[in-house]
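Visitor: Questions regarding the structure given below will be posed in turn.
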Amino acid sequence: MKKVLLSALVAYIVCSCATKSVVASHNTPNEESAISVEESAATPSNSENKMVGGWAPVFFVNYDQTQLSDIADKMKNGVVKKVVVSYPKKMQSLAKKIQNYLQQTTSQQVTMDYLELKDTEQVSYNMSQVIVTLYF
C-alpha cells in the first residue's frame, strides 16, 4: 500500500512539473508575463520567511528543563501552535511532568496521547521515551 501511494505521489509531481514546462513553452509573451504576475502575487512581499505549517517530534528519555524551556518560549511566541505529549504506559510519570511544566509555564492546553504499540517481527518500538510533537 505504501509503495502504491509513494508511486502515485511521484507520478503526480512528475506530471505537474512536466505540465508547467509545457504550458510555459507554449505561451505568448503576454501570457507568460500574466503567469509571472500571478505567481509573484502569491508570494509574501516581505523578506521574512514565515512557517506555513508542519510538525516536529522531540524525544525525551528524562526530564530536560533546558529543552522544555525552549519549547515553552516557542509556544509563548506563537511559533508552536499546538503540543501533543505521546507516551507508553511505563513513561506516564515523565509525560505528566512535561505536560504540567508546559501548561504552567505557557497557560496553554497540552494534549496527552497514550500509546501502546506492540513489537512485531518487522518493527520494534522504543517504549522508554516520551514524544512531544510540536505543531507549527
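Visitor: Whether any residue in region 112-129 is closer than 25 Å to Gly53 by Cβ, in a loop (DSSP other than H, G, I, E, B) and either free of Cβ contacts under 8 Å to residues at least 60 places away in the same chain or among the aliphatic types (A, V, I, L, M) (or both) is what I want to check.
Guide: Yes - at least one qualifying residue is present in region 112-129.
Visitor: Condition first: touching a strand residue (DSSP E or B) at 6+ places or on another chain (Cβ under 7 Å) and loosely packed, with under 13 Cβ neighbours inside 10 Å. Now tell me which residues in region 103-130 satisfy that.
Guide: Thr111, Asp113, Tyr114
Visitor: Another one. Report, by residue number, each residue of region 108-135 that is under 19 Å from Asn77 (Cβ atoms) and out of contact with any helix residue (DSSP H, G or I) (no Cβ under 9 Å at 6 or more places or on another chain).
Guide: Within region 108-135, Thr133, Tyr135 qualify.
Visitor: Would you mention how many residues in region 61-107 are part of a strand (DSSP E or B) and either of a type in the set (Gly, Ala, Ser) or over 18 Å from the mean Cα position of the chain (by Cα) (or both)?
Guide: Result for region 61-107: 2.
Visitor: Would you check which residues across region 65-97 are farther than 19 Å from Phe136 by Cα and surrounded by 14 or more Cβ atoms within 10 Å (Cβ to Cβ) and list them?
Guide: Once the filter is applied, which keeps residues that are farther than 19 Å from Phe136 by Cα and surrounded by 14 or more Cβ atoms within 10 Å (Cβ to Cβ), region 65-97 yields Tyr87, Pro88, Met91, Leu94, Ala95, Lys96, Lys97.
Here, each number is a calculation from the coordinates, and none is a lab measurement. As the structure is a prediction and not an experimental result, all values here were calculated from the model. Neighbour counts are summed over all protein chains in view; Cβ atoms, including those assigned to glycine, are modelled from backbone coordinates with ideal geometry.
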